[in-house]
Amino acid sequence: MDISLLKITKMKKFVKWMEVRNVHIGLWDIYNPLGKIYQGLERRQKIASERDSFVSKRRKTRKSWSNAFTRYGRLEKTLDVYGFVLRRLKK
């Protein structure tokens, strides 16, 4: 078994990555495309897009991820994974 997958800090990063929100459409028009805030919005949207593609691939292969297309479904799934890691480390 790959022990590095059971590291708490990596799982905390995974949980934070799963909780990144998409950028609201109205924010794109407010900020200057050359500014730092706009670049931050682009970075956040890129992370959210990667997360969405990960979840869609995972939903196709695993039945337990079927409700992970919503924000609350992703939160439920990440807490399940995080709880599994905590249980494994206590053993």
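The values are calculated or read from the model by the stated rules, or taken from the named source; none is laboratory data. A quick note: this is a predicted structure, and the numbers were derived from the prediction, not measured. Cβ: placed from backbone, ideal geometry, glycine included. Neighbour counts: every protein chain shown.
Please identify the pairs in which a residue from segment 70-89 that is free of Cβ contacts under 8 Å to residues at least 40 places away in the same chain has its Cβ atom under 9 Å from the Cβ atom of a residue that is surrounded by 13 or more Cβ atoms within 10 Å (Cβ to Cβ) and not in a helix (DSSP H, G or I), counting only partners at least 6 apart or on another chain.
GLU76/ALA68
Mind checking which residues of segment 34-60 are of a type in the set (Asp, Glu) and under 16 Å from LEU75 (Cβ atoms)? Don't jump to the end; show me each part of the working.
Of the residues in segment 34-60, the ones of a type in the set (Asp, Glu) are 42, 50, 52.
ASP52 - this is the single residue of segment 34-60 that is of a type in the set (Asp, Glu) and under 16 Å from LEU75 (Cβ atoms).
Taking segment 32-80, which residues are more than 15 Å from ASN22 (Cβ to Cβ) and acidic (Asp, Glu)?
GLU76, ASP80
Given (1) surrounded by 12 or more Cβ atoms within 10 Å (Cβ to Cβ); (2) of a type outside the set (Val, Ile, Thr); (3) out of contact with any helix residue (DSSP H, G or I) (no Cβ under 9 Å at 6 or more places or on another chain); (4) at pLDDT below 85, where does ASP29 come up short, assuming only one miss?
The one condition ASP29 does not meet is (1).
Being surrounded by 12 or more Cβ atoms within 10 Å (Cβ to Cβ), of a type outside the set (Asp, Glu) and modelled with pLDDT of 90 or more: is that true of LYS57 here? Quick ask: steps written out before the conclusion?
Details: surrounded by 12 or more Cβ atoms within 10 Å (Cβ to Cβ): no; of a type outside the set (Asp, Glu): yes; modelled with pLDDT of 90 or more: yes.
So LYS57 does not fit the description; no.
Which residues, counting only those in segment 17-66, are among the basic types (Lys, Arg), in a helix (DSSP H, G or I) and either closer than 22 Å to VAL81 by Cβ or in contact (Cβ under 8 Å) with a residue 24 or more places away in the chain (or both)? Step through it out loud before you land on a result.
Pass one, segment 17-66, residues among the basic types (Lys, Arg): 21, 36, 43-44, 46, 51, 57-60, 62-63.
Next, from what is left, pick out any that are in a helix (DSSP H, G or I): 36, 43-44, 46, 51, 57-60, 63.
Once the filter is applied, which keeps residues that are among the basic types (Lys, Arg), in a helix (DSSP H, G or I) and either closer than 22 Å to VAL81 by Cβ or in contact (Cβ under 8 Å) with a residue 24 or more places away in the chain (or both), segment 17-66 yields ARG44, ARG51, LYS57, ARG58, ARG59, LYS60, LYS63.
Restricting to segment 75-91, name every residue that is of a type in the set (Lys, Arg) and either surrounded by 12 or more Cβ atoms within 10 Å (Cβ to Cβ) or under 12 Å from the mean Cα position of the chain (by Cα) (or both). I'd like the intermediate steps shown before the answer.
So in segment 75-91, the residues of a type in the set (Lys, Arg) come out as 77, 87-88, 90-91.
Scanning segment 75-91 gives LYS77, ARG88.
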